[in-house]
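Please read the structure below before turning to the comments.
The values are calculated or read from the model by the stated rules, or taken from the named source; none is laboratory data. Bear in mind that the values here come from a model prediction, so they are computed numbers and not experimental data. Every residue, glycine as well, gets a Cβ built from its backbone with ideal geometry; the counts of neighbours run over all protein chains shown.
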Amino acid sequence: MKKKNWGFDARDRDTGVRPQDDFYRHVNGGWLAKNPIPPHESRWGSFLILRYETEKQLKKIVEDALKLKSAKAGTPAQMVRDFYRSGLDLASRNKAGITPLQPWLQKIEKIKDARSLVTALAHLEKIGGGGPFGLAVDQDMKNSEKYILYLHQSGLGMPDRDYYLNDDAESRRVRDAYEKHVETMFALTGESKADAKKKREIVLRIETEIAKASMPKEELRDVDKTYHKLSTAKLAKLAPNVDWPSYFKIVGAGTPRNVVLMQPKFMKAMNALLANVSIEDWKIFLLWHLVSGASPYLGTKLEKQSFAFYGTALSGVKTMKPVWRRVLGVVNGSLGEVLGKLYVEQHFTQKAKKHINQVVDDLFEAYETRIKNLDWMGSTTKRKAIQKLRQVNRKLGYPDIWKSYRGLSIRPDDYFGNVLRASLQEHARVMRRLRKPVDRKEWFMYPQTVNAYCSFGLNDVVFPAAILQPPFFSIEADDAVNYGSIGSVIGHEITHGFDDQGSKFDGKGNRKTWWTPEDRRRFEERTKRLVREFNEYAVADGLRVNGELTLGENIADLGGASIAFDAYQNRLKKTGRKDIDGFTPEQRFFLSFALFERENRRPESEKTQVMTDPHSPGQFRINGPASNLPEFYAAFGVKKGDKLYREPRDRAKIW
């Protein structure tokens, strides 16, 4: 007779694979064999299933709103209902074609010279960009109590510069698919075959020049390489072909005295490109980015073609998600905190919040003890590390203050217009930050998001309500599951504040050197070990993981598992030890840790991930930390000769 479910089904394992050789496959192999990827997904596993379950919960909320005979304008029910209804009205969307873009097409058509080009760039930035550079408003990295304008590189239609510049097989495959995609999209807007080909060539030529000037992804991670504060007078000297006062006024930034230029060399190159590329070619480039960006909200022909590249070519997805999922995703992205408030009222209890708070308490306690016991860090740096740790702010479930959408007009017959108005309102809200003190209560994820994050500037760790669900967390589950799964995630996010970049910030969120040089040197010796280790992992077609790109996440994974294990050991001292289904508490912890990254993934998606994503593929996020943790060796009897065995001197131990 089956015992009470403790949160893990042992039948999901592949007992033909030894845990000492491939722990990820041993724990998840049975489940992976029984759960192929649905045709509308690029991958399928614990995370994706929980996201799908959350979508179904959100769909029920929206459908309840649809049943209302009337709803007052501006209420959550009216906004959610009418936005969703407008997206489902495919007949109207198909009939309209690209007509909803007309006001923006006219802005592009009116470009006659450099000045009017910059004006168009500024207007397009307000609805999501499309130009060769973009902007954001965030805390000043070196003065975390103030907001400042950041200017950053942009302008590429493929996910990374390497797709334009490299000559490996995968880059060529994606580039060929992209060229066909651009040409097809132009044809769908009414261009002749010859004109579509010509315009595709212009777009690729400009984007390739932008790619050449773009900072590589490995350097984009480095907070010091992307922080260059300068006066707007100096910016005007560096890029005189942009009428900056006009640009800033149109985007709503007023007249800033200073900005942070994230990639000065890139901006210098764009200044030259603005002069060297003809106005007619720039118009074609902007037209392309406008149509490409808007395609998910227009007729189904453009939407399907966009999916053909971004869904199928890049990720291997066979079929589009059903229309309700596509539209719900857009409504969720545009009205996130409207839906979020309705979501937490139904799906997140105070009992769950209290329980997760206890887990977080245990994680912080274990982390502090671990810092105190580090053998490679001196007492001065330890004291400051503990001070920063104690200043970390936790945000659990949902925000204390909800975002206002007052004044946003949502109509049941204007899908693109709804998206546009929501984008403009959000842009205006972000720009208003420049005139306000830093809001330390702000959230950058919605409560219904199955994810978590760490903010260096706010010194926050944030866990939305939707991730605090089975299989990762449950008040009914064995503690081993809660600490092995969500506990490792909590530890992961706390560790981000102490990874190779987060460790450059103090407890108030300022970029500040608080380490002794000797401690920083010893830290970097240990991180280099992780870089070398992950560089050895290969995926489809032999593509290797990029150890530099994934370093921050790999440090966080290793730290998260270590801290969660310690926290669980402390909890066991209070609750007592017991075996369940023949597994020790330590074995149950690691089984639950491996559950978190369980997923099948398409080869195209896996290759795109290693070429663009700072996260390593799931199997390496489990086997990598396991191969470095002596606690894992003890739990499963890992010995020399086993595939996961590393000599003690070769094991990475950081936090």
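Restricting V360, V317 to residues that are buried (at least 16 other Cβ atoms within 10 Å of the Cβ) and in contact with a Gly (Cβ under 6 Å, 6 or more places away or on another chain) narrows the list to V317.
The rows are residues; the columns are (1) among the basic types (K, R); (2) exposed (fewer than 15 other Cβ atoms within 10 Å of the Cβ).
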{"position": "G16", "(1), (2)": "no, yes"}
{"position": "H26", "(1), (2)": "no, no"}
{"position": "R43", "(1), (2)": "yes, no"}
{"position": "A65", "(1), (2)": "no, no"}
{"position": "L68", "(1), (2)": "no, yes"}
{"position": "D82", "(1), (2)": "no, no"}
{"position": "G87", "(1), (2)": "no, no"}
{"position": "A91", "(1), (2)": "no, yes"}
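Among the residues making up segment 396-407, those that are surrounded by 19 or more Cβ atoms within 10 Å (Cβ to Cβ) and in a loop (DSSP other than H, G, I, E, B) are Y398, P399, Y405. Scanning segment 242-277 for residues that are small (G, A, S), assigned to a helix (DSSP H, G or I) and surrounded by fewer than 16 Cβ atoms within 10 Å (Cβ to Cβ) yields S246, A272, A275.
Picking from residues in segment 237-278 that are out of contact with any strand residue (DSSP E or B) (no Cβ under 7 Å at 6 or more places or on another chain) and small (G, A, S), the one that is farthest from R429 (Cα to Cα) is S278. Restricting attention to segment 426-443, does a residue exist that is among the aromatic types (F, W, Y) and under 19 Å from the mean Cα position of the chain (by Cα)? Within segment 426-443, one or more residues are among the aromatic types (F, W, Y) and under 19 Å from the mean Cα position of the chain (by Cα). Does any residue of segment 228-236 turn out to be within 29 Å of the chain's Cα centre (by Cα), among the β-branched types (V, I, T) and assigned to a helix (DSSP H, G or I)? No; the residues of segment 228-236 include none that is within 29 Å of the chain's Cα centre (by Cα), among the β-branched types (V, I, T) and assigned to a helix (DSSP H, G or I).
Does A10 qualify as being within 22 Å of Q346 (Cα to Cα), in contact (Cβ under 8 Å) with a residue 12 or more places away in the chain and aliphatic (A, V, I, L, M)? Spelling it out, it is not the case that A10 is within 22 Å of Q346 (Cα to Cα), in contact (Cβ under 8 Å) with a residue 12 or more places away in the chain and aliphatic (A, V, I, L, M). Listed conditions (1) within 30 Å of Y163 (Cα to Cα); (2) outside any helix (DSSP H, G or I); (3) of a type in the set (D, E, K, R) are all met by R621, apart from (2). Listed conditions (1) within 21 Å of the chain's Cα centre (by Cα); (2) surrounded by 18 or more Cβ atoms within 10 Å (Cβ to Cβ) are all met by D479, apart from (1).
Which is outside the structural domain of D362 (by TED's automatic domain parsing) and at pLDDT 95 or above, of A428, A465, A385? Answer to the selection: A428.
Yes/no matrix, rows are residues, columns are (1) out of contact with any strand residue (DSSP E or B) (no Cβ under 7 Å at 6 or more places or on another chain); (2) touching a residue at least 60 places away in the same chain (Cβ under 8 Å); (3) more than 24 Å from R532 (Cβ to Cβ):
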{"residue": "R577", "(1), (2), (3)": "yes, no, yes"}
{"residue": "D581", "(1), (2), (3)": "yes, yes, yes"}
{"residue": "F596", "(1), (2), (3)": "yes, yes, yes"}
{"residue": "N600", "(1), (2), (3)": "no, yes, yes"}
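Here R421 meets each of (1) charged (D, E, K, R); (2) free of Cβ contacts under 8 Å to residues at least 24 places away in the same chain; (3) loosely packed, with under 15 Cβ neighbours inside 10 Å with one exception, condition (3). Contact map, segment 145-157: first residue on the phi > 0 side of the Ramachandran plot and in contact (Cβ under 8 Å) with a residue 24 or more places away in the chain, second residue part of a strand (DSSP E or B) and polar (S, T, N, Q), Cβ cut-off under 7 Å, separation 6 or more or different chains; the map is empty. Applying the criterion of at least 1 residues that are within 22 Å of H347 (Cα to Cα) to the helices (runs of 4 or more DSSP H) found wholly in segment 23-103 leaves 46-66, 76-88. Here E368 clears all of (1) more than 30 Å from R394 (Cβ to Cβ); (2) touching a residue at least 12 places away in the same chain (Cβ under 8 Å) except the condition numbered (1). Highlighted here are the helices (runs of 4 or more DSSP H) found entirely within segment 278-395 that include at least 2 residues which are closer than 24 Å to A465 by Cβ: 323-334, 336-347, 350-372.
The residue of segment 558-568 that is nearest to the chain's Cα centre (by Cα), among those that are within 17 Å of I356 (Cα to Cα) and not hydrophobic (A, V, I, L, M, F, W, C), is G560. Of the residues in segment 233-250, none is β-branched (V, I, T) and in contact with a Phe, Trp or Tyr (Cβ under 7 Å, 6 or more places away or on another chain). If the condition is being in a loop (DSSP other than H, G, I, E, B), within 34 Å of the chain's Cα centre (by Cα) and among the charged types (D, E, K, R), then segment 624-650 contributes K643, R646.
Residues in segment 154-187 that are closer than 29 Å to S231 by Cβ and in contact with a Gly (Cβ under 8 Å, 6 or more places away or on another chain) were compared, and the one that is surrounded by the most Cβ atoms within 10 Å (Cβ to Cβ) is G155. In this structure, P614 does satisfy being surrounded by fewer than 23 Cβ atoms within 10 Å (Cβ to Cβ), within 22 Å of I467 (Cα to Cα), assigned by TED's automatic domain parsing to the domain that holds I494 and not small (G, A, S).
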